[in-house]
Amino acid sequence: MKNSELLPFNRNRYYKGKMLTSADFEAEQLYMNNKRRFVNQMLGGSGILCGLSVISLDDLSVMIESGAAVDDAGREIVVENSVVKKLSAIDGFEQLRTNRASLCIRYQEEENQPVYAVGRQEGQKEYEYNRIQETYELFLQDTEDMDGAFELETEFFAGGVLFENSDYRISFRIPANICAGYYVKAVVEAEKLSEEKTNLYYEAALQTPALASLDGSRELTVLLENITLEKGKKFVKEYWLLAQAEELSDTGVMLKSGSVRVMVNGAELSTGGGFHWKINVIGDDPAALSARETGKVSMEFRNMGGSTGVIRLADLKLVRTESAYLIEAVEEKAVKKYIPTMRDAALRREYEQYFKESLPLYRAGGTKGAAKPGREEGKERRETASPRMETGIVEIPLGENARRGDICYSGEIMHGLGKGNVYVEVGYEGLEEDMTLGRNAKTTVYGNPALFASGQAPVAAETAVKVLNDKGSFIVALRLLQDVKQLVLTYRWVAIRYAGDELKEEFADNGNQSIAAVTPTIVVGAKESYFFQIKFNHMKPCSVAYELTEPGSGEITADGIYTAPSKEGVYEIRIYCTDKPLICTYAYAIVKKKVTEEQAEN
């Protein structure tokens, strides 16, 4: 009873006096099996649950370790004990044509335990099989003949083909909905279409009004150099972009006009027109976004790939001899697909704790560049509520015969916390006899030293600190309250900078800060669109807003895509920082109607 069709579910109905036949009992088994397999398929998918490693024992044999898997029809495949097989004894070996083969496993049913059929009907065999054994079958197939995995093409991605000819296809892909304030990955993929050996060069600029590249610009340069592939192979390049912090609908990614350059084997090719793919910046986090996008895919769409029932265990690299194949290598890493199980969830989390993608740097107590574990990247600024602090020693020279009332100064000291408002305190540091320790101990006195009159008191002196905010440094001054025979007094200084002060500085007015349009004046045709890219001078990239200074000047979106009016003229666009409206610039669009070739000839 080999079954791969799970739907519809048809449950047996019982009633008093019902006569049960073999068909009813088969329906009972079928219903329960299909329900379980449906749950397997929907919740776990297909792949390996545990084990099933493939090990090369010698040039001719492999061992498949015990394990379990679930195929794409939800059927369980169990290998109870490790199995040793000669390659030539595995089904499909004789049909191999190439030197790369895939070792696969699939579900199989075998009838066994023949018994005498009591009450045989006409045409029925004298003996029937009493059991159905659920088992498996191993087989070999040329790797190039393996069916590619069916991918669900949901509405998660935006993008399309950037360039295509008989040799190459270059495509672009980015999520259609992007989480505000998060980095997002854009993928450029080059695929070889022909057998001919060719070299590819591709260069283009993609304008991204709502996304900033790593250098802070709103433009992504795509560059593929010296790409040489075999037919069917792909070259993938990834780019990371930072989405703006505010939500924005109907923004996009545009191919900048005139920026494309394509060469194949050194010969430059002509390209098509521009592209504009719409995207949205939304307030969801990545987990909520991905859960929604995957969850809304219908069952009909999920089942479009059909069911093959094949679980791929390993790829074998073979060497052909006159009489046989020899196993050169067994490849599992990129072949096997595992199903994460709840049973091993705790163990997986324990393993994952040994790895982190990155560790931010922090500074505390004078330690610079130390890695602080346990903090996720990007949260350092939001989670750090404690102040930053630096400390050190300053020696103030007094000279000979220092008298009460003398004023002395230290040199200029860099505190290491940068420019701005920093609090600095100094305290006298010296040695004092400690009866408990039985020796001299180092002490530091902050404030009025006269309060410590007993024992070996510190040198009495008033201190003051001048913080040079614009230089990131300070100077210590002291006035002696007694005559001193020492030539140098040693003080401990502590500098503190609070997070609130740092944030205030970040948004403080700065005369050097400015923005400017990369191309302040453009010439466009009526109803044509253009994206005004902004460069930031002496300031970090921030969110900007666009507005037209006069009615009838066309249209401009929140992310800077300007659409010219149908009327010729010169139109002004004001661009300003949303957090600092006083930092602004102006751009100008010269709108001219395009003249056709026929009009030019006349």
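Every number in this text was worked out from the coordinates using simple rules, so none of it is lab data. Predicted model only: the values in this text are computed from it and were never measured. Every residue, glycine as well, gets a Cβ built from its backbone with ideal geometry; the counts of neighbours run over all protein chains shown.
Its Cα centre serving as origin, the chain has a Cβ charge dipole (Lys and Arg +1, Asp and Glu -1) of approximately 1300 debye. Note on SER249/LYS466: beta-carbon distance plugged into 1/(1 + (r/R0)^6) with R0 of 45 Å gives a FRET efficiency of 0.25.
Label separation (ALA545 vs SER566): 3.1 nm, computed from points 7 Å beyond Cα along the C-beta direction. For segment 252-322, state which GluC sites (Glu not before Pro) are in a DSSP loop and have at most 15 other beta carbons lying within 10 Å of their beta carbon. Sparse-neighbourhood loop GluC sites (Glu not before Pro): GLU322.
Using the Cβ-Cβ distance between ASN99 and THR271 with R0 = 51 Å, the FRET efficiency computed as 1/(1 + (r/R0)^6) comes to roughly 0.85.
In this calculation the C-beta distance from LEU347 to GLU395 is compared with R0 = 60 Å, giving a FRET efficiency of 0.55. Ignoring aspartates and glutamates fewer than eight residues from LYS16 along the same chain, the ones with Cα atoms less than 18 angstrom from its Cα are ASP24, GLU28. Considering only GLY405, ALA564, CYS584, whose Cα is most displaced toward the positive end of the charge dipole of the chain, charges sitting on Cβ of Lys, Arg (+1) and Asp, Glu (-1)? Positive-end residue among those listed: GLY405. For mean projected area of the Cα convex hull in nm², the candidate list reads (i) 55.6; (ii) 44.3; (iii) 27.5; the entry that matches the value derived from this model is (i). A Cβ-based charge dipole, computed about the Cα centre of segment 157-296 with Lys and Arg at +1 and Asp and Glu at -1, lands at about 220 debye. Restricting attention to segment 54-157, which GluC sites (Glu not before Pro) occupy a DSSP loop and are surrounded by at most 13 other Cβ atoms within 10 Å? Sparse-neighbourhood loop GluC sites (Glu not before Pro): GLU80, GLU122, GLU126, GLU151, GLU153, GLU155. Here segment 143-223 is assigned +1 on the Cβ of each Lys and Arg and -1 on the Cβ of each Asp and Glu. Its dipole about the Cα centre then comes out at about 520 debye.
From its DSSP helices (H runs of at least four residues, each -39,500 (n - 2.57)), the chain gives a residue-normalised ellipticity at 222 nm of -2500 deg cm²/dmol.
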